[in-house]
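Asker: Have a look at this one before I ask anything.
The values are calculated or read from the model by the stated rules, or taken from the named source; none is laboratory data. Computed from a prediction, not measured in an experiment: that's the story for all the values here. As a convention, Cβ positions derive from the backbone with ideal geometry for all residues, glycine included, and neighbour counts pool all protein chains shown.
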Amino acid sequence: MTIFEQRDPTPGVQGRSARVGWLMLALTGVIVIGLSFFPAPYVIDNPGPTYDTLGSVTVGDGEFDLITISGQEVFETTGELRLTTVTRSGNPESLPGWMDVMAGWLDPTRTVIPVDVAYPPGVTVEQNREAAQIDMENSQQEAIAAALSYVGIPFTSTLVVNQALEGGPSEGVLLNGDVITSAEGEPVHTVTQLREIIAEAGISSAMALGVNRDGVEVDVAVVPRMSEGQSPIPVIGILVSGRYEFPLEIDIALENVGGPSAGLMFALGIVDKLEPQDLTGGHVVAGTGTINAQGEVGSIGGIRHKLYGAKNDGAEWFLAPAGNCPDVVGRIPEGLGVVAVATLDDAVDALTAISSGLVPTLCPGTEASAQALFVD
């Protein structure tokens, strides 16, 4: 069929098509902008700032050494020993928008986590924050204990209940200020010891605890329960801290950082200040890992973000818990050597090797990322 038009219809059709196209584009923009404000049930972990345990930090209006030691000769240090952090965007009370979440999915330096995994049900944001702060305080005490043990300075320790969590198995059984002296008949002096005994006891029966309450010895029993979250473990529902009696005054000035993962770097900073040997040899070394009074280094979360944070702040080497080595393969920024450490002794040996120009024990499968550090 042939259609005859008295005039060319193209300009009108093009005009209508352009209007429809702009309308669809504007509608898409409105939807995208709307999504950016609509909360998503996720939180986002990002590389956080790093702090030199041999350097200074700003606290309030003042500048202070991150680690200050009194009562013992302190030696000059060179280089940097940087603890690493993860910054978390969002919480159950303030969720990120969908645009932020989608950007997080596309960014290899960030991780998007379901909010109910990051914040287990039944635990408030404030309780999570308090627990992280207590973990930080404990890690500092454990780090000091590990460092003093390494350099041969003796000390004593006790284990104190900060809080029995509401609705937990210890509520009404353990009180704030109780000093836990034994668990299952075994003397306990550190948080790590208590956690190990609870894990061995399991949840099938009551666990015996010896407590010093206001100077009186008391025997109590608590039935552990499994914790919430991705990796449930037996717990007794208390916030507890190690209380040490150190012969030196060691102050760690660090605000707004929680969790136990800075323990290794705190301990190394203290050892470097107390030992005549300069551990770093002028190198910038970052790292992470929990530590206990026995000097054992434990695995942590968020190591991928910490690698990028370390590289961003000039680190050449990164001390990683040996248990985290599988997590770093294929995720290391170029030019960063990742060293495997299981103990404080391992970490000191690694620093000695680095300062001497030798190759430390690298995480298996990461050798290529460190090649540039040994080019003559």
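Asker: Tell me whether the stretch 151-163 contains one or more residues that are out of contact with any His (no Cβ under 9 Å at 6 or more places or on another chain), at pLDDT 90 or above, part of a helix (DSSP H, G or I) and not β-branched (Val, Ile, Thr).
Answerer: no
Asker: Let me ask something else about it. Restricting to the stretch 52-75, what's the tally of residues that are within 21 Å of GLY302 (Cβ to Cβ) and acidic (Asp, Glu)?
Answerer: Number of matching residues: 1.
Asker: Name the single residue, out of those in the stretch 49-73 being among the aliphatic types (A, V, I, L, M) and closer than 21 Å to VAL284 by Cβ, that is modelled with the lowest pLDDT.
Answerer: Across the stretch 49-73, the extreme among qualifying residues is VAL57.
Asker: Return the residues of the stretch 65-111 that are over 23 Å from the mean Cα position of the chain (by Cα) and within 19 Å of ILE144 (Cα to Cα); say none if nothing qualifies.
Answerer: Matches in the stretch 65-111: ILE69, SER70, GLY71, GLN72, GLU73, VAL74, PHE75, GLU76, THR77.
Asker: Out of everything in the stretch 100-135 that is part of a loop (DSSP other than H, G, I, E, B) and touching a Pro at 6+ places or on another chain (Cβ under 9 Å), what residue ends up being surrounded by the most Cβ atoms within 10 Å (Cβ to Cβ)?
Answerer: Selected residue: TYR119.
Asker: Buried (at least 21 other Cβ atoms within 10 Å of the Cβ) and closer than 27 Å to VAL338 by Cα: is that true of SER139 in this structure?
Answerer: yes
Asker: When the stretch 112-157 is examined, which residues are found to be under 18 Å from the mean Cα position of the chain (by Cα) and without any contact (Cβ under 8 Å) to a residue 40 or more places away in the chain?
Answerer: VAL125, GLU126, GLN127, ASN128
Asker: Ok, one more. What tally of residues in the stretch 241-283 results from selecting those that are out of contact with any Ser or Thr (no Cβ under 6 Å at 6 or more places or on another chain), under 30 Å from ALA206 (Cβ atoms) and crowded, with 21+ Cβ neighbours inside 10 Å?
Answerer: So the answer is 0.
Asker: Given the conditions (1) more than 24 Å from ILE303 (Cα to Cα); (2) at pLDDT below 90; (3) among the hydroxyl-bearing types (Ser, Thr, Tyr), report the number of the one that THR78 does not fulfil.
Answerer: Tallying (1) more than 24 Å from ILE303 (Cα to Cα); (2) at pLDDT below 90; (3) among the hydroxyl-bearing types (Ser, Thr, Tyr), THR78 fails exactly one: (2).
Asker: Specify the residue that is surrounded by the fewest Cβ atoms within 10 Å (Cβ to Cβ); the eligible residues are those in the stretch 51-63 that are farther than 24 Å from LYS306 by Cβ and either in contact with a Cys (Cβ under 7 Å, 6 or more places away or on another chain) or not small (Gly, Ala, Ser) (or both).
Answerer: Checked the stretch 51-63; the qualifying residue surrounded by the fewest Cβ atoms within 10 Å (Cβ to Cβ) is ASP61.
Asker: Would you call ASP8 loosely packed, with under 10 Cβ neighbours inside 10 Å and either farther than 30 Å from ALA267 by Cα or modelled with pLDDT of 65 or more (or both)?
Answerer: Yes, satisfied.
Asker: Can you report the number of residues in the stretch 132-156 which are in contact with a strand residue (DSSP E or B) (Cβ under 7 Å, 6 or more places away or on another chain) and at positive phi?
Answerer: The total comes to 0.
Let's see how each residue does on (1) among the aliphatic types (A, V, I, L, M); (2) at pLDDT 95 or above; (3) over 17 Å from MET265 (Cα atoms):
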| site | (1), (2), (3) |
| --- | --- |
| VAL284 | yes, yes, no |
| THR290 | no, yes, no |
| VAL329 | yes, no, yes |
| GLY335 | no, no, yes |
| VAL338 | yes, yes, no |
| ASP349 | no, yes, no |
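Asker: Give the residues of the stretch 68-99 that are in a loop (DSSP other than H, G, I, E, B) and under 22 Å from SER261 (Cα atoms), sorted by residue number.
Answerer: If the condition is that a residue be in a loop (DSSP other than H, G, I, E, B) and under 22 Å from SER261 (Cα atoms), then GLY79, GLY90 are the ones that fit.
Asker: Have a look at GLU249, GLU200, GLU245, GLU255 and point out the one that is under 30 Å from THR84 (Cβ atoms) and modelled with pLDDT under 95.
Answerer: Selected residue: GLU255, the only one of GLU249, GLU200, GLU245, GLU255 that is under 30 Å from THR84 (Cβ atoms) and modelled with pLDDT under 95.
Asker: Give the residue that is surrounded by the most Cβ atoms within 10 Å (Cβ to Cβ), with candidates limited to residues of the stretch 142-169 that are farther than 30 Å from VAL348 by Cα and among the small types (Gly, Ala, Ser).
Answerer: Among residues in the stretch 142-169 that are farther than 30 Å from VAL348 by Cα and among the small types (Gly, Ala, Ser), the one surrounded by the most Cβ atoms within 10 Å (Cβ to Cβ) is ALA164.
Asker: Among the candidates ALA347, ALA370, ALA340, single out the residue that is crowded, with 16+ Cβ neighbours inside 10 Å and touching a residue at least 60 places away in the same chain (Cβ under 8 Å).
Answerer: ALA347
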